[in-house]
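The structure under discussion appears below in the form of structure tokens.
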Amino acid sequence: MADGKGFTCLMVILILGNIFGAAAGLALCALAIWVAVDQFKLYPISGVSGKDDIFAGAWIAIFTGFAFFCMCVFGILAAAKKSRALMLTYLILMLIIYIFECASCITAVTHRDYLVGNSNLVKKQMLKYYAADGDSGSRITLTWNKVMKEVECCGTDGPVDWIEYNSTFREKFGTDYPWPTHCCKRKNNYEVVNVEACKNGQNTTMFTKGCFNHIVSVFSRYTWAISWYGFAVLMFMFWLLILAMVYYLML
Amino acid sequence: MSRSILVIPALPFHIMLRSHESHLFSTAMRTMFIFFGMLFTLSNAEFQVSLLKESDGVVTGRFADSLLLSLPPCALATQSVTLEYNNTDTNESKTLVNIFKVLPCRFRRDIISTIENNGQFTTSRNLGYQVTNLTTGSTYRFLTPVASKQNLKHSFCMLFISVKDPNQIDSGLPARSGAMVVITVILSVSMFILLVALIVTVAHSLGGD
């Protein structure tokens with residue numbers, strides 16, 4: 001059984017598949033590092049709510065991606081050496097890594113649904129923690145200030161969020177400022193263009209769009225990197241493992 | 001002189017109002033609803049006092065304890081404006097007498113105006129008047145008799161957006177997305193298949209040996 005034309009063909013396919021798998025695994029590792037670094041600095045929004053498994057999935061994917069790379073290199077060796085023991089080791093270890101990577105994909109996409117399925121969680125968190133004391137309060141405040149300034153937005157669905165609901169911000173600062181001054185347009189020297197007009201809600205002097213769309217797009221981007229790309233890698237590895245099992249049986 | 005009266009009954013909405021607290025920061029459950037009723041008598045010149053809207057250039061005309069009202073038209077020039085308002089819950093009335101003169105829309109401290117500058121010339125536009133020190137969750141009725149025309153009265157009833165408690169926002173899982181279902185189902189099935197296939201492979205090779 002071992003030395004036929006079909007057998008050699010299978011071995012070549014397996015080696016090539018493992019080379020491609022090694023590259024894919026390394027790319028997964030790199031992409032997961034990008035997510036974990038969080039260039040948009042939105043982690044506190046997910047961290048304070050406890051739904052931060054997009055980032056936990058990223059950390060798992062860093063290790064599983066690199067492990068896929070190592071195991072695929074090992075698989076090339078095992079296939080070339082035509083060794084049963086090595087192929088069995090390869091199969092068992094790959095299955096374990098496969099299961100961990102599945103966990104990463106599923107948990108990342110599930111927590112994305114919790115966070116940005118609708119604007120309620122983000123809005124509630126903003127109203128409770130913006131300007132609040134404590135560690136969570138300061139992290140959320142800094143995050144929102146950054147988002148409102150860079151994305152030029154105010155509130156979750158709009159500035160009316162600050163008026164419709166009671167908030168820690170209002171309890172602390174009263175009703176003189178209906179919304180934080182970060183909602184106001186600023187000049188290049190960071191001075192507010194017109195504080196009184198912003199307080200009155202004149203839409204030429206403040207940001208009127210909500211920040212939720214930006215938050216959704218960022219978390220979706222992270223999740224698609226971990227979940228969908230991880231899913232694609234796993235689908236490729238699935239067929240590679242099936243082929244490896246057939247090869248093992250032929251040895 | 002034609003007269004017409006349009007009345008929208010406010011009574012059912014008073015029954016619906018569950019919270020009578022006037023304390024601004026109470027954490028009790030509050031209901032939120034908006035109601036407009038217009039009661040006006042028409043005379044030679046007419047104007048309607050109303051809340052400023054987004055089309056007027058503001059984000060909202062309704063704040064937690066103040067409102068932005070529209071200005072009388074410039075046809076009533078040089079006349080003083082008096083505003084009476086009445087809290088229909090506590091029956092307190094307040095009158096702001098001669099708060100400003102209508103047109104030529106001279107800039108006044110309390111009038112909200114925008115200044116637009118397009119580089120060549122500057123125009124200023126008066127948007128409205130801000131009534132402050134109001135109580136959240138109360139109903140107010142506004143009347144604006146203009147001093148020289150005794151018959152000219154416009155009023156309307158409105159309710160505040162009473163502030164909602166953010167703890168009442170339901171922040172649970174809204175729905176599972178299609179992506180989540182697809183990924184979970186397909187990966188679970190593939191994990192199962194691989195596990196079974198590995199067991200069969202090992203058993204077969206051991207059996208063969």
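Every condition in (1) modelled with pLDDT of 95 or more; (2) at the interface with chain B (Cβ under 8 Å from one of its Cβ atoms); (3) in contact with a Ser or Thr (Cβ under 6 Å, 6 or more places away or on another chain) is met by A:Leu234 except one, and the failing one is (3). Of the residues making up the range A:112-132, those that are of a type outside the set (Phe, Trp, Tyr), under 17 Å from the mean Cα position of the chain (by Cα) and facing chain B (nearest Cβ under 7 Å) are A:Asp113, A:Gly117.
In the set (1) buried (at least 19 other Cβ atoms within 10 Å of the Cβ); (2) within 22 Å of the chain's Cα centre (by Cα); (3) over 27 Å from B:Lys53 (Cα atoms), the condition left unmet by A:Ala244 is number (2).
Checked against the criterion of being out of contact with any Gly (no Cβ under 6 Å at 6 or more places or on another chain) and within 11 Å of chain B (Cβ to nearest Cβ), the candidates A:Ile92, A:Ile54 yield just one match: A:Ile92.
Kindly establish whether A:Gly57 is of a type in the set (Gly, Ala, Ser), crowded, with 19+ Cβ neighbours inside 10 Å and over 24 Å from the mean Cα position of the chain (by Cα). No: the conditions fail for A:Gly57. Assessment of the range A:77-96 against the conditions (among the small types (Gly, Ala, Ser), within 17 Å of A:Trp224 (Cα to Cα) and surrounded by fewer than 21 Cβ atoms within 10 Å (Cβ to Cβ)) yields no matching residue.
Before we move on, is A:Ile92 free of Cβ contacts under 8 Å to residues at least 12 places away in the same chain, under 24 Å from the mean Cα position of the chain (by Cα) and over 24 Å from A:Leu42 (Cα atoms)?
On the way: free of Cβ contacts under 8 Å to residues at least 12 places away in the same chain: yes; under 24 Å from the mean Cα position of the chain (by Cα): no; over 24 Å from A:Leu42 (Cα atoms): yes.
It is false that A:Ile92 is free of Cβ contacts under 8 Å to residues at least 12 places away in the same chain, under 24 Å from the mean Cα position of the chain (by Cα) and over 24 Å from A:Leu42 (Cα atoms).
Answer yes or no as to whether A:Cys29 is assigned to a helix (DSSP H, G or I), closer than 15 Å to A:Ile226 by Cβ and within 11 Å of chain B (Cβ to nearest Cβ). So A:Cys29 does not fit the description; no. Taken over the range A:133-171, the criterion of being farther than 18 Å from A:Val48 by Cβ, more than 10 Å from chain B (Cβ to nearest Cβ) and surrounded by fewer than 20 Cβ atoms within 10 Å (Cβ to Cβ) is satisfied by A:Lys149, A:Glu150, A:Val151, A:Glu152, A:Asp157.
For the range A:200-216, indicate whether the set of residues that are small (Gly, Ala, Ser), on the phi > 0 side of the Ramachandran plot and buried (at least 22 other Cβ atoms within 10 Å of the Cβ) is non-empty.
Scanning the range A:200-216, I find at least one residue that is small (Gly, Ala, Ser), on the phi > 0 side of the Ramachandran plot and buried (at least 22 other Cβ atoms within 10 Å of the Cβ), so the answer is yes.
Here A:Val109 fits the description: over 21 Å from A:Cys198 (Cβ atoms), in contact (Cβ under 8 Å) with a residue 12 or more places away in the chain and facing chain B (nearest Cβ under 7 Å).
Anything in the range B:182-209 that is more than 17 Å from A:Leu241 (Cβ to Cβ) and assigned to a helix (DSSP H, G or I)? List them, or say none. Listed by number, the residues that qualify are B:Val182, B:Ile183, B:Thr184, B:Val185, B:Leu206, B:Gly207, B:Gly208. Just one of the numbered conditions (1) within 11 Å of chain B (Cβ to nearest Cβ); (2) assigned to a helix (DSSP H, G or I); (3) among the polar types (S, T, N, Q); (4) without any contact (Cβ under 8 Å) to a residue 40 or more places away in the chain is not true of A:Thr204: (2). Would you check if A:Gly230 is crowded, with 20+ Cβ neighbours inside 10 Å and not in a helix (DSSP H, G or I)? Considered against the rule, which asks whether it is crowded, with 20+ Cβ neighbours inside 10 Å and not in a helix (DSSP H, G or I), A:Gly230 comes out as no.
Do the conditions hold for A:Cys183, that is, is it buried (at least 16 other Cβ atoms within 10 Å of the Cβ), more than 11 Å from chain B (Cβ to nearest Cβ) and modelled with pLDDT of 90 or more?
Details: buried (at least 16 other Cβ atoms within 10 Å of the Cβ): yes; more than 11 Å from chain B (Cβ to nearest Cβ): no; modelled with pLDDT of 90 or more: yes.
For A:Cys183, the condition - buried (at least 16 other Cβ atoms within 10 Å of the Cβ), more than 11 Å from chain B (Cβ to nearest Cβ) and modelled with pLDDT of 90 or more - is not met.
The values are calculated or read from the model by the stated rules, or taken from the named source; none is laboratory data. What you see is a predicted model, and the numbers here were worked out from it, not measured in a lab. Here the Cβ is made from the backbone with ideal geometry for all residues, glycine too, and neighbour counts use every protein chain on show.
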